[in-house]
1. Specify which residue in the list 65, 37, 24 is farthest towards the positive end of the charge dipole of the range 14-117, using unit charges on the beta carbon of Lys, Arg (+1) and Asp, Glu (-1), about the Cα centre.
2. What FRET efficiency, computed as 1/(1 + (r/R0)^6) with R0 = 30 Å and r the Cβ-Cβ distance, is obtained for residue 144 and residue 118, rounded to the nearest 0.05?
3. About the Cα centre of the range 14-117, what is the dipole size in debye to 20, counting +1 per Lys and Arg Cβ and -1 per Asp and Glu Cβ, all else neutral?
4. Per the helix-only calculation at 222 nm, which mean residue ellipticity applies to the chain, given -39500 (n - 2.57) for every DSSP H run of n ≥ 4 and division by its residues, nearest 500 deg cm²/dmol?
5. In the range 103-180, what GluC sites (Glu not before Pro) fall in a loop by DSSP, with at most 16 other Cβ atoms inside 10 Å?
6. Can you give me the relative contact order of the chain as a percent, contacts being Cα pairs under 8 Å and 6 or more apart?
7. So if each residue of separation counts as 0.36 nm, and I subtract the Cα-Cα distance between residue 35 and residue 152, what length gain in nm does that give?
8. What residue among 13, 128, 56 has the largest mean-square fluctuation in a Gaussian network model of the chain, using Cα springs under 10 Å?
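Throughout, read-outs are computed from the coordinates displayed, never taken from laboratory work. Given the structure is predicted, the values throughout are model-derived calculations rather than measurements. With ideal geometry, Cβ positions are generated from the backbone for all residues, glycine too; neighbour counts draw on all protein chains shown.
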Amino acid sequence: MAGLTACGHSSSRTTVPVGLTLVGEASAPAVQLSLDQAIARRDELRIDEPPPGIQRGERAWFFRAYGDDDLVFLEASYLPYDDGLALKRAGRYQIERRVIVPRSERALDALGIRAEVEQREQGICGIRVGMTGSEVRERLGNPTSVMYPQAAGCVNELYGELAVDVCHDKVTHVRGNRCP
């Protein structure tokens, strides 16, 4: 899914991957909340954040998409697999509703998603999430070091003090305070 279309808005939304299996997202109801209502709801859900050993039905809050006009979060509950392969799969969550919040500078900060949005929109040192690995090397040259995490198809490349994570030839994360 390349992007979620904003109902009633002319801008499209950029989807933010959460790295989990999401069940029922397309059919989940949507609710519009003010920033203060969204903060209260997120905090209410996080009060119940589970200790290690998450159990069926435990609640979660995920940042899912953004557009020019709004931010989208998901309220979900943990839905374990009922077979012996559960430990080999990503966590699974039943989506209960989509929460849509008006986008503002205050909302980006208060909901803790400014860095996530900025690395997709402006990027860091000209590198944005979604670029290909070859586009990164065209701009920055060869990395100063490469690490191979356990995730198949992923590499962590360092360009001086700039770190670029690439999975399946797409930049997934960029961090650093100094450009090479």
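1. Most positive-ward Cα: 24.
2. 0.80
3. 240 debye
4. Dividing the helical sum by the residues of the chain leaves -5500 deg cm²/dmol.
5. 161
6. Normalised by residue count, the contact order of the chain is 17 percent.
7. Result for the pair: 38.3 nm of gain on full extension.
8. 56
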